[in-house]
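Here is the structure we will look at.
The values are calculated or read from the model by the stated rules, or taken from the named source; none is laboratory data. Bear in mind that the values here come from a model prediction, so they are computed numbers and not experimental data. In this analysis, Cβ positions are derived from the backbone assuming ideal geometry, glycine residues included, and neighbour counts consider all displayed protein chains.
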Amino acid sequence: MSRSASTDELYFVTLTVVDWVDVFTRRLYNDFLIENLAFCQQHKKLNIYAYVIMTNHIHLVANVSEGALGDVLGHFKTFTSKRLVEMIAGNPQESRREWMLKRFELAGRYNPLNTHNQFWQNGNHPVLLYSPEVIQQKIDYIHDNPVRAGFVGSAHEFWYSSANPESPLKIIY
């Protein structure tokens, strides 16, 4: 995204793990993502209006108060990718550790933008939300994602979602 996003422009964004690897099945990794999204809210002027963390991707409805959304998401992805690979490598409880690390190494080897591992797919795929109806449609889509996946019966039951009133990440209403 080359231009700044003003506070009246909202975007639907998807951040996806390479090869759709199901990394976010452990609280440890999800809590790390929440911590870093909160950091971006506090220090990078990221405004989050809706979110969900699925097993292999994140959806956001977001914008930034200053700068460019793509820059903030790029910094988030760079920092979290390095740290998540370290967390996985150092987690003796991670039964799929070797397999995941090989997937990230292979993806990095074939991407000239990386020197070692690649955790996130390239790009953020921001979609400008141009009307209140489209904004609500994307928020409903985000909140229904865990229900469609069969993780919960109702959207408000999923912990890592803005549909849950007790969600660990605070959003803008």
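Here are some notes:
- Some residue of segment 164-173 being surrounded by 13 or more Cβ atoms within 10 Å (Cβ to Cβ), of a type in the set (Gly, Ala, Ser) and either more than 23 Å from residue 29 (Cα to Cα) or modelled with pLDDT under 95 (or both): no
- Selection within segment 26-56: residues that are assigned to a loop (DSSP other than H, G, I, E, B) and either more than 12 Å from the chain's Cα centre (by Cα) or of a type in the set (Phe, Trp, Tyr) (or both). The member of this set that is farthest from residue 100 (Cα to Cα) is 45.
- Residues that are over 23 Å from residue 170 (Cβ atoms), of a type outside the set (Val, Ile, Thr) and part of a loop (DSSP other than H, G, I, E, B) are absent from segment 73-89.
- Residue list for segment 144-158, filter: in contact (Cβ under 8 Å) with a residue 60 or more places away in the chain and surrounded by 15 or more Cβ atoms within 10 Å (Cβ to Cβ): 145, 146, 158
- Residues in segment 128-159 that are outside any helix (DSSP H, G or I) and hydroxyl-bearing (Ser, Thr, Tyr) were compared, and the one that is farthest from residue 21 (Cα to Cα) is 131.
- Check on residue 141, touching a residue at least 40 places away in the same chain (Cβ under 8 Å), surrounded by 15 or more Cβ atoms within 10 Å (Cβ to Cβ), touching a His at 6+ places or on another chain (Cβ under 8 Å) and not charged (D, E, K, R): yes
- First in segment 100-127 and closer than 15 Å to residue 23 by Cα, second anywhere and in a loop (DSSP other than H, G, I, E, B) and among the aliphatic types (A, V, I, L, M), Cβ under 6 Å, 6 or more apart: 100/21; 103/21
- Scanning segment 48-64 for residues that are surrounded by fewer than 19 Cβ atoms within 10 Å (Cβ to Cβ) and either touching a Ser or Thr at 6+ places or on another chain (Cβ under 6 Å) or at pLDDT below 95 (or both) returns 55, 57.
- Residue-level check: of (1) assigned to a loop (DSSP other than H, G, I, E, B); (2) within 17 Å of residue 56 (Cβ to Cβ), residue 106 misses just (1).
- Just one residue in the set 79, 39 is surrounded by fewer than 18 Cβ atoms within 10 Å (Cβ to Cβ), touching a residue at least 40 places away in the same chain (Cβ under 8 Å) and more than 30 Å from residue 153 (Cα to Cα); that residue is 79.
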